[in-house]
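Let me begin by presenting the structure, written as structure tokens, before commenting on it.
The values are calculated or read from the model by the stated rules, or taken from the named source; none is laboratory data. The structure displayed is predicted, hence computed values, not measured ones. As a convention, Cβ positions derive from the backbone with ideal geometry for all residues, glycine included, and neighbour counts pool all protein chains shown.
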Amino acid sequence: MQTINFVGVEPTALIQEIVNEVKNTLFADITKTLQDNEPKRYLSADQVCERFSVTKPTIHEWKKRGILKSYKLGARVYYRLDEIENAMIIND
């Protein structure tokens, strides 16, 4: 049986380095998958007003400008929480 020699690297250090890289890659992949599969939270206009300290005319203006997209469920109108947060970051 042949042995492989690495110059300047201990075999245990190499193994540990490989293990760390695999862990980091898997952690990043799992985190992305969980974020992508997170259920979307919808808020009513009243909830948006309360949570973000804005008025209903402000929400209507954002909708009119295309900053926010509304979603209708029957007669009710809802807004996605992640879209509101992104809009506030982008338009800040």
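Any residue at all in region 23-39 that's in contact with a helix residue (DSSP H, G or I) (Cβ under 8 Å, 6 or more places away or on another chain) and at negative phi?
Taking region 23-39 as the starting set, the residues that turn out to be in contact with a helix residue (DSSP H, G or I) (Cβ under 8 Å, 6 or more places away or on another chain) are none.
Checked against the condition, which is being in contact with a helix residue (DSSP H, G or I) (Cβ under 8 Å, 6 or more places away or on another chain) and at negative phi, region 23-39 yields no hits at all.
Just give me the residues in region 52-81 being out of contact with any helix residue (DSSP H, G or I) (no Cβ under 9 Å at 6 or more places or on another chain), part of a helix (DSSP H, G or I) and surrounded by 11 or more Cβ atoms within 10 Å (Cβ to Cβ), in sequence order.
Across region 52-81, the qualifying residues are E61, K63.
Do we have any residue at all in region 43-51 that's part of a strand (DSSP E or B), surrounded by 10 or more Cβ atoms within 10 Å (Cβ to Cβ) and at pLDDT 90 or above?
Yes, that holds for at least one residue.
Can you name every residue in region 82-92 that is of a type in the set (D, E), out of contact with any Leu (no Cβ under 9 Å at 6 or more places or on another chain) and part of a helix (DSSP H, G or I)?
D82, E85
Going by the conditions given, is E21 surrounded by fewer than 11 Cβ atoms within 10 Å (Cβ to Cβ), part of a helix (DSSP H, G or I) and acidic (D, E)? Before the answer, list the steps.
Numbers: surrounded by fewer than 11 Cβ atoms within 10 Å (Cβ to Cβ): yes; part of a helix (DSSP H, G or I): yes; acidic (D, E): yes.
So E21 passes the test.
State the number of residues belonging to region 34-80 that are in contact with a Phe, Trp or Tyr (Cβ under 7 Å, 6 or more places away or on another chain) and touching a residue at least 40 places away in the same chain (Cβ under 8 Å).
Looking only at that region, the number is 2.
Just give me the residues in region 14-50 being under 13 Å from D82 (Cα atoms) and either among the acidic types (D, E) or over 17 Å from the mean Cα position of the chain (by Cα) (or both), in sequence order.
D36, E38, L43, V48
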